[in-house]
1. On the basis of being loosely packed, with under 12 Cβ neighbours inside 10 Å, in a helix (DSSP H, G or I) and not polar (S, T, N, Q), does D62 make the cut?
2. I'd like to verify a number: residues in segment 78-120 that are at pLDDT 95 or above, among the hydroxyl-bearing types (S, T, Y) and either within 15 Å of T42 (Cα to Cα) or surrounded by fewer than 16 Cβ atoms within 10 Å (Cβ to Cβ) (or both), how many?
3. Within segment 101-117, can you find the residues that are touching a strand residue (DSSP E or B) at 6+ places or on another chain (Cβ under 9 Å), not in a strand (DSSP E or B) and not basic (K, R)?
4. Scan segment 25-59 for residues that are in a strand (DSSP E or B), out of contact with any Gly (no Cβ under 8 Å at 6 or more places or on another chain) and exposed (fewer than 14 other Cβ atoms within 10 Å of the Cβ) and jot them down.
5. Report, by residue number, each residue of segment 80-114 that is polar (S, T, N, Q) and under 14 Å from D32 (Cβ atoms).
Amino acid sequence: MPLRTSRLAATAAIAALALPAAVAHHGWTEYDEKTELNLTGTIVESNYQNPHATIRIRTADDKTWFAWLAPINRMQTRGMNRDMVKVGATVTVVGYPSTAKPGEMRAERILVGDTSTELR
C-alpha cells in the first residue's frame, strides 16, 4: 500500500474511533428542557476534571442526583473553582432531567453560598 494511502486509511480509522466519543459527549438531546429542576443538597461525590466536571448531591428527601456541570476552564473563568464543589458543600443546582437515566441532570446553573455560576 503506498504511503499516502496508508496515511489516509490511518486518519480515517482514528476519526472513526473518535466519532462515538464525540457523539456521546454532546448528547444533550436526552435532557428534557421543558422540565426545569431546582435541587438543593449536599455534595457526596465530586469530579473536577475535563471534559466536564460532575457532582452527585443528596437532597433533603434523601434522593441522590448526578449532575453534569461544565468544562473546567469555563467554570474557572466564571469563578467556580474546585474548592467550591468539594464533597460536603451545600449547593443548589438548576437544570434539566435526563429522559434516559433517572437521577441524572444537566446543570445550567449552580449556586454555592452567595456565588451563582452560569454553566452554559
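The values are calculated or read from the model by the stated rules, or taken from the named source; none is laboratory data. Given the structure is predicted, the values throughout are model-derived calculations rather than measurements. Cβ: placed from backbone, ideal geometry, glycine included. Neighbour counts: every protein chain shown.
1. no
2. Count: 3.
3. Across segment 101-117, the qualifying residues are G103, G113.
4. Once the filter is applied, which keeps residues that are in a strand (DSSP E or B), out of contact with any Gly (no Cβ under 8 Å at 6 or more places or on another chain) and exposed (fewer than 14 other Cβ atoms within 10 Å of the Cβ), segment 25-59 yields N38, T40, V44, E45, N47.
5. Within segment 80-114, S98, T99 meet the criteria.
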